[in-house]
Structure formats: structure tokens, C-alpha cells
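A.B. asks: The structure that follows is given in the form of C-alpha cells.
The values are calculated or read from the model by the stated rules, or taken from the named source; none is laboratory data. Remember, predicted model here, so these are calculated numbers, not experimental data. Neighbour counts run over all protein chains shown; Cβ positions are idealised from the backbone, glycine included. The area values use the complete protein model at the heavy-atom level, side chains included, leaving out ligands, DNA and RNA. Shrake-Rupley method; radii C 1.70, N 1.55, O 1.52, S 1.80 Å.
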Amino acid sequence: MSFESEQHAKDYWRENLRLMLTLLCIWFAVSFGFGILLVDALNAIKLGGFKLGFWFAQQGSIYVFLLLIVVYVIKMNTLDRKYNVHEDHENEEEFEEALEEEFGQ
Amino acid sequence: MDIQTLTFLIVGATFAIYIGIAIWSRAGSTHDFYVAGGGVHPVANGMATAADWMSAASFISMAGLISFMGYDGAVYLMGWTGGYVLLALCLAPYLRKFGKFTVPAFIGDRYYSNTARTVAVICAVFVCFTYVAGQMRGVGVVFSRFLEVDITTGVIIGMGVVFFYAVLGGMKGITYTQVAQYCVLICAYLVPAIFISIMMTGHVIPQIGFGSELADGSGTYLLDKLDGLSTELGFTEYTSGTKSTIDVFFITAALMVGTAGLPHVIVRFFTVPKVRDARKSAGWALLFIALLYTTAPAIATFARVNMIDTINGPEGEGTPHAEAPGWIDNWERTGLISWEDKNEDGRMFYAGDERNEMTIDRDIMVLANPEIANLPAWVIALVAAGGIAAALSTSAGLLLVISTSISHDLLKRNLMPNITDKQELGYARIAAAVAICVAGYLGINPPGFVAQVVAFAFGLAASSFFPAIIMGIFYKRMNKEGAIAGMLSGILFTAAYIIYFKFINPAANSPENWWFGISPEGIGTLGMVLNFAVAIAVARVTSEAPAHVQEMVESIRFPKGAGEASAH
């Protein structure tokens, strides 16, 4: 166990899940929500030459997807460091070992 | 120089680069062969993933499909990008920490069962073959149109090149070749889009251009003009679709979840050294994919307006066939465009109702686009090279998954545990070579169902792998009985629905007969739900996963340390 205590392990996992679920809610809202379920309502609004619902379906949702991954990467790195479970040099050596164990050398 | 010579030069130059890279990065060991030695930088890995992912279908067909589908085309745009969010958040970091290198290995170890492993191997091989046959066909089409060799010769040349670098270089060769292929294909996609965007709207960025006013000074928005043209010609408005909302919802979900469950995509996240890098790789991959995917709807819109204007003429009365531009002639010769003068006025006319006189294959939109817009010859040659790069990069990735599944998961882990590293590498190369020959054969003699089975690949991945992997990570108690029952019911349900509507009774394939109005393309979503439900129900009534497996699941949930996974 790399965590300092059981409690730390639980807290880390809970924070991780909360972040993941929040981001997935946004993921669902922009694609299935704005781009599909609410598309007709949003199409009443214009964004330049785009109808807003159409824009979300063919452009906007993809930009938000990218943003979500960026936020996830940054937040997770902070979380790993907060609980002191980020990777160090040991990890790289272990990766090498795992490779050798799996495939022989 | 004419288009033909330029195309030969550009395609030849890109082939020389791919082969050069293959020789430079030759695989010396099984782990070079399977996971590129594990030392791939996240940016390079992102590019390789993007090239791996964007197939001949994305490059050649997608914009054409959107062009004909309008709003409904969004199912592909959101479906094939949204899956990367699932990959980055729910799969990649944990699978990387798990420390095994293939999807069947994860399924087999997590569910402590060789049966589960074998089911996973069969699914992986089937999904990959389905895909690869389509890629080889794509290579053939590009060759036959631009190099004027027949499709068979085209496919054989393509096979030769892939054979050379996939068999020789393995994952290492493929990864670095794919980085080069990504650069070729993205340039080939963006250059004509930018040219056309400037011509039509005055904007350099196509993503902005297609939502702007036309450059002809009329002050009309491009999309408004297209909506107007569409209704006038008897089509539905371009910015609203024809599919039902529930169907769009289910197809998008099946494609997203399918993407996150495709073995040749997942395997990419095993090639980076750290969990942190696996997360980052998914981000880079999506960035590189988004470049093409956000440009595609712009191309679709430009191409449609241009095509209607060229065929129907600026006054909308039809262009006399005798005055038709060269591209119509060229494509008529390949049989992908045809004109039937129904009202015998000698003029072509394209419409969505009985006035229509044109049959236009959707696949030609991207390839013909530069010609339609009168772009210089080198742009056309570049597009040909891009199409070939897209097809080759995807085939190579898929072939590798096939060979790994067979040599490592089936032979080494199951049937012949005593073979040496060197023998295993030999088997991997033989498996790759055999797979290429089968793929080539399928490319030359495509079974009538190649197009249909794409739905199959995504449906299968969505209804089998995805739930099994997700529950493997997030539901510690999930046991082998639940996982196997779930996978089997998901696959069987999805396969039965698709086979019924696509092969047994295609006549009934219409919204009135579909369950809840869900088309076979979207049924994988329901299959996935079924998989989750069955697995959880079965796991409740059988004993929970053994303690050592539950501990292993604990250990893949954070980055630090080796994790007990690789220790047994």
C-alpha cells in the first residue's frame, strides 16, 4: 500500500471519482444534451452564421471534449501529488521490469 | 507537370519515407515489437494514435457522408471524438498502471480465467479483420483513381508496403511511421480546406469560414444559402436532420463507447512509460484528431455548395453536360458519378426529388473537392498521398493487434507457454504476414457486407469490451461469472439484431420495425446496457472476486508503485 493510511486511499479514490463524474456530466451535457436532445431549442439562437444547436453538434462538443481532458490531466496530477502517489523514477524501473517479465528478454 | 506525374512523385516520396523509418526503427525484441519498447513520448504517441484512428473512412468518406447527411453527420463527429474522453478519464490510466500490454491480457487476468481471455482474443481478431478489409479497399480506390492502375495492383502495392514495415518494425516501426503518416494526412486534409475557405468566405480558418458570410458580397451566410438551396431542391434543411432523436442518441453513444473499446486504440496507451503519460497521450491524440474532425464539417458544407452550384449552374437551371467541368468527366469514367438526362434538355440537374438526374457516390467528395474548386495539381496529388497514408496507418495498427493477439495471448499465454522470446517474435511475424494476405484478399474481393460490418465492429466493441473493462476497474467485486455472462449476452444480443436486419431480413430494415426506433448502427448501446445489467445480476448471486484480484484492482487505482498486478 503506497498510501499513508486506509483513510487516505479512500479519500483519494473519492476525490478521483468526483472529478471524473463532474467532467462526465459536462461531457454528456454538451454532446447528448446540447447537440442532440436540446438541438431544436438551441437552433433558435444564432452564433454568427451557425445555429447554436448545430454548432454544438458539429464543432462545439469536440472543443469541449478536448478541454475536459486537459482539465482532467492537470487536476489528477495535483491530486496525485497531494496524496503523494505520483510516479517517480522507481516507476520507470518497474515498467522495464514488467516488460521483461511479460516478454522475457 | 501533369497531375499523374505529380501524384507518382508525391506518393513515391511518402513511401520512401515510411520505408526509411521502418529500417531505422527495426524491432529487435518482442517488447519492441509489441509496445515499441515502451519509451514513446506522449506527443509522438498522440500523433500515432491519431493516425491509427483516422482510417480511410475518416479521411475519404466522412466529409462526404456529412455532406449528404447534414446535421445527422454529427453522429460521426461526436461519436468518434467523444470516446476519447471516456478513454482518458475511465480507461487509459488504469490499464497502463495494470502493467499488461493487450486487452485480452487484461480481461484474462482481471477475471482470472482463460475462457474470458479466449473470448476476448476472438472478439479482438474479428473486430480488427472487419476493419482492415475496408482499409485495403480504400488503398485500392485511391490507387485506381489517381495512378490509373487497377484496384488489384493498387491493393498489392499497398500490402507490400505495410508488410515491409509492420512485419519488420512491429509496434516500434509502426509508431514512428504513423507519426510521419499523420503529418502527411493532416496536411493533405487541411491545405485544400484552407484554400476553399478563403475562396468562398475569405476566412483562413475553415472552422470559422463555414459559419461566415459568403465572399461574393451578398451578405448571406454560407449555411443559410445551403439551407435555402436544400429546401428549394427538395432535400431536408442542411442544418436539421432526418433521423429521429432517439436514433441519433443511440448511434452517437454506440460509436463513442465502441471507440473506447476498440483494441487497436486501447493498446496505444500501453506504449508510454507512465500513468501520467497515458492520460496526456489521450489528450494529444484527441487534439490531433480534432484538427481533422472539426475541419470535416466545413469541407462537407463547402463541397456541397460547390457541387450544387457547378451542376445546377448559378441560375439553378442546370449546366449543359457538354460544358461540364473536367472532374465530372473523370469521375464518370470510374462510375462513381452518373448522369441520366430524364427531361432531355442536355442539362444536368441535381435535386432531392423527381427532377434529379444525377447519381453521385458519397465517397468522392473529399477526393474530388480540390478538382471541384479548381485547386492546383499538387494539392490534388497531396490529397491522394493523404488518403493512402490514412489507409496504411490504420491497417498497420490493426494488423499488429491481430498478430499480438495470436502470438502472445493465444499461443504464448494459452497453447504454447514454453516458446522462447525469439520463437514468439517469429510467430508474431508469421501471424502479421498471414493477416496481411487475408486482408489483401478481402480488399481485392470484398465480400458484399464490408460496409455493413463496420456497424458490427463498433457494436461488438461497445457491447463486449467496454463494460468488461469498466467493471474490471470500478467494480471490485465483479467476478468472472458475471463478466463472461455479461460479455456473451451483450455480444449475442447485438450480433443477432445486426445480423437480422442487415443479412437475414434486410427488407425489414426500416424505422417501423426497429426496437424503440433504434437502427442496427445504434444497437450496440442497448447491448452495452444489457451487458452491464446481466453482469451485475450474475455477480450478485455468485461469490465475489477472490481477495488477490480485489487487491490488484485497488493497486491500479493510483499511479505510484508497480502494483501487485505484474507480480503474479
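A.B. asks: Taking the stretch A:12-45 as the region of interest, how many residues are surrounded by 15 or more Cβ atoms within 10 Å (Cβ to Cβ) and either farther than 26 Å from residue B:89 by Cβ or among the charged types (D, E, K, R) (or both)?
C.D. replies: 2
A.B. asks: Within the bounds of the stretch B:214-231, is there any residue that is within 19 Å of residue B:56 (Cα to Cα) and in contact (Cβ under 8 Å) with a residue 24 or more places away in the chain?
C.D. replies: No, the stretch B:214-231 has no match at all.
A.B. asks: In the stretch B:192-209, how many residues are in contact (Cβ under 8 Å) with a residue 60 or more places away in the chain and either open to solvent by 10 Å² or more (accessible area, probe 1.4 Å) or more than 12 Å from chain A (Cβ to nearest Cβ) (or both)? Break it down stepwise before answering.
C.D. replies: The first filter runs over the stretch B:192-209 and keeps only residues in contact (Cβ under 8 Å) with a residue 60 or more places away in the chain, leaving B:192-193, B:195-197, B:199-200, B:206-207, B:209.
Applying the additional criterion that residues be either open to solvent by 10 Å² or more (accessible area, probe 1.4 Å) or more than 12 Å from chain A (Cβ to nearest Cβ) (or both) yields B:192-193, B:195-197, B:199-200, B:207.
Final tally of qualifying residues: 8.
A.B. asks: Tally the residues that are crowded, with 19+ Cβ neighbours inside 10 Å and either touching a strand residue (DSSP E or B) at 6+ places or on another chain (Cβ under 6 Å) or not hydrophobic (A, V, I, L, M, F, W, C) (or both), restricting the search to the stretch B:476-494.
C.D. replies: Qualifying residue count for the region: 7.
A.B. asks: So, one more: Six or more apart or on different chains, Cβ under 8 Å: which pairs go from a residue in the stretch B:366-383 that's polar (S, T, N, Q) to one that's assigned to a helix (DSSP H, G or I) and surrounded by 22 or more Cβ atoms within 10 Å (Cβ to Cβ)? Could you list them?
C.D. replies: What qualifies is B:369/B:63; B:369/B:192; B:369/B:196; B:369/B:299; B:369/B:302; B:369/B:303; B:369/B:383.
A.B. asks: So in the stretch B:516-552, with the set limited to residues that are within 22 Å of residue B:110 (Cα to Cα) and charged (D, E, K, R), which one is modelled with the highest pLDDT?
C.D. replies: Filtering the stretch B:516-552 for residues that are within 22 Å of residue B:110 (Cα to Cα) and charged (D, E, K, R), the one modelled with the highest pLDDT comes out as B:540.
A.B. asks: A follow-up question, please. Which is outside any helix (DSSP H, G or I) and either farther than 29 Å from residue B:268 by Cβ or touching a Leu at 6+ places or on another chain (Cβ under 8 Å) (or both), of B:161, B:149?
C.D. replies: Every option except B:149 fails the conditions.
A.B. asks: Out of everything in the stretch B:495-550 that is open to solvent by less than 40 Å² (accessible area, probe 1.4 Å) and among the polar types (S, T, N, Q), what residue ends up being farthest from residue B:456 (Cα to Cα)?
C.D. replies: For the stretch B:495-550, the residue satisfying everything is B:550.
A.B. asks: Kindly indicate which of A:97, A:87 is over 30 Å from residue B:81 (Cβ atoms) and either surrounded by fewer than 16 Cβ atoms within 10 Å (Cβ to Cβ) or at pLDDT below 85 (or both).
C.D. replies: Matching residue, one of A:97, A:87: A:97.
A.B. asks: Still on this structure: Quick one: residue B:112 ticks every box in (1) within 13 Å of the chain's Cα centre (by Cα); (2) not in a helix (DSSP H, G or I) except a single one, so which number is it?
C.D. replies: Only one criterion is unmet by residue B:112, namely (1).
Here's the yes/no breakdown for (1) facing chain A (nearest Cβ under 9 Å); (2) assigned to a helix (DSSP H, G or I):
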residue: B:243; (1), (2): no, no
residue: B:249; (1), (2): yes, yes
residue: B:254; (1), (2): no, yes
residue: B:264; (1), (2): no, yes
residue: B:269; (1), (2): no, yes
residue: B:276; (1), (2): yes, yes
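A.B. asks: Might you let me know whether the stretch B:267-274 holds any residue that is buried (at least 24 other Cβ atoms within 10 Å of the Cβ) and basic (Lys, Arg)?
C.D. replies: yes
A.B. asks: Tell me, yes or no, whether the stretch B:68-81 has at least one residue that is in a helix (DSSP H, G or I), open to solvent by 10 Å² or more (accessible area, probe 1.4 Å) and more than 14 Å from chain A (Cβ to nearest Cβ).
C.D. replies: yes
A.B. asks: Same structure, new question: Please specify each residue of the stretch B:156-191 satisfying the condition of being open to solvent by less than 10 Å² (accessible area, probe 1.4 Å) and within 24 Å of residue B:2 (Cα to Cα).
C.D. replies: Within the stretch B:156-191, B:158, B:185, B:188, B:189 qualify.
A.B. asks: Can you name the number of the only condition in (1) at pLDDT 85 or above; (2) within 14 Å of another protein chain (Cβ to nearest Cβ); (3) touching a Ser or Thr at 6+ places or on another chain (Cβ under 9 Å) that residue B:562 fails?
C.D. replies: With respect to (1) at pLDDT 85 or above; (2) within 14 Å of another protein chain (Cβ to nearest Cβ); (3) touching a Ser or Thr at 6+ places or on another chain (Cβ under 9 Å), residue B:562 is out only on (1).
A.B. asks: Taking the stretch B:330-370 as the search range and keeping residues that are among the hydrophobic types (A, V, I, L, M, F, W, C) and under 14 Å from residue B:318 (Cβ atoms), which one is most open to solvent (accessible area, probe 1.4 Å)?
C.D. replies: B:339
A.B. asks: Yes or no: the stretch B:316-327 includes at least one residue that is open to solvent by less than 10 Å² (accessible area, probe 1.4 Å) and part of a helix (DSSP H, G or I).
C.D. replies: The answer is no, given that none of the residues of the stretch B:316-327 is open to solvent by less than 10 Å² (accessible area, probe 1.4 Å) and part of a helix (DSSP H, G or I).
A.B. asks: Looking at the stretch B:210-241, which of its residues are more than 8 Å from chain A (Cβ to nearest Cβ), in a loop (DSSP other than H, G, I, E, B), of a type outside the set (A, V, I, L, M, F, W, C) and open to solvent by less than 60 Å² (accessible area, probe 1.4 Å)?
C.D. replies: Within the stretch B:210-241, B:219, B:220, B:234, B:238, B:241 meet the criteria.
A.B. asks: Next up: Suppose the filter is at pLDDT 90 or above, out of contact with any strand residue (DSSP E or B) (no Cβ under 9 Å at 6 or more places or on another chain) and either open to solvent by 10 Å² or more (accessible area, probe 1.4 Å) or within 14 Å of another protein chain (Cβ to nearest Cβ) (or both); does residue B:294 pass it?
C.D. replies: Yes.
A.B. asks: Follow-up. Hey, could you check the stretch B:1-28 for residues that are surrounded by fewer than 19 Cβ atoms within 10 Å (Cβ to Cβ) and among the polar types (S, T, N, Q) and say which is modelled with the highest pLDDT?
C.D. replies: Among residues in the stretch B:1-28 that are surrounded by fewer than 19 Cβ atoms within 10 Å (Cβ to Cβ) and among the polar types (S, T, N, Q), the one modelled with the highest pLDDT is B:5.
A.B. asks: Right, next: Test residue B:259 against the stated conditions and say whether it is touching a helix residue (DSSP H, G or I) at 6+ places or on another chain (Cβ under 6 Å), more than 27 Å from residue A:69 (Cβ to Cβ), in contact (Cβ under 8 Å) with a residue 12 or more places away in the chain and among the β-branched types (Val, Ile, Thr).
C.D. replies: The answer is no for residue B:259.
A.B. asks: Sticking with this one: Would you confirm whether or not the stretch B:410-418 contains a residue that is part of a helix (DSSP H, G or I), polar (S, T, N, Q), open to solvent by 10 Å² or more (accessible area, probe 1.4 Å) and in contact (Cβ under 8 Å) with a residue 24 or more places away in the chain?
C.D. replies: Yes - at least one qualifying residue is present in the stretch B:410-418.
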